[in-house]
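Working notes, beginning with the structure itself.
The values are calculated or read from the model by the stated rules, or taken from the named source; none is laboratory data. Source: prediction; values computed, not measured. Backbone-built Cβ (ideal geometry, glycine too); neighbour counts: all protein chains shown. These area figures cover heavy atoms from the full protein model, side chains too; ligands, DNA and RNA do not enter into them. Shrake-Rupley method; radii C 1.70, N 1.55, O 1.52, S 1.80 Å.
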Amino acid sequence: MNHNQVEAFEQFLLESFSKDVSFRELRLSQEEVQYIQKNYPRASVRKSPVAESSDGKAWYEVELFLHDRAVLFEDTTKLQIELLQQENQRLVKELEELKHSLKVVSK
């Protein structure tokens, strides 16, 4: 998964396991299952007996324990902070370029 897909999937997980929810049935791709297993090794992920969809996704019973949910919230917060910092740097650069262009025009 690329950075944007990871960000969107983390947001999906965050929303899915908010408000003290620790067990959900989720329709996931194999790549998403692997991501959960890699990043939340304590999580329980069991494939449901329901057939796969035409898009290759299948239903899974996913249980994130308290530690995993804490990690999810912490990781998502770090990601949000990183994205805000990147946006801040972009805006600072844009502001500096605007200031420079205004100086050139006013001369």
Review point. Looking only at the stretch 3-31, which residues are under 17 Å from Ser44 (Cβ atoms), open to solvent by less than 30 Å² (accessible area, probe 1.4 Å) and modelled with pLDDT of 85 or more?
Key: Leu13, Ser16, Leu26, Leu28
Exercise for review: List the number of the failed condition for Pro41; all other conditions in (1) open to solvent by 70 Å² or more (accessible area, probe 1.4 Å); (2) modelled with pLDDT of 90 or more hold.
Suggested key: (2)
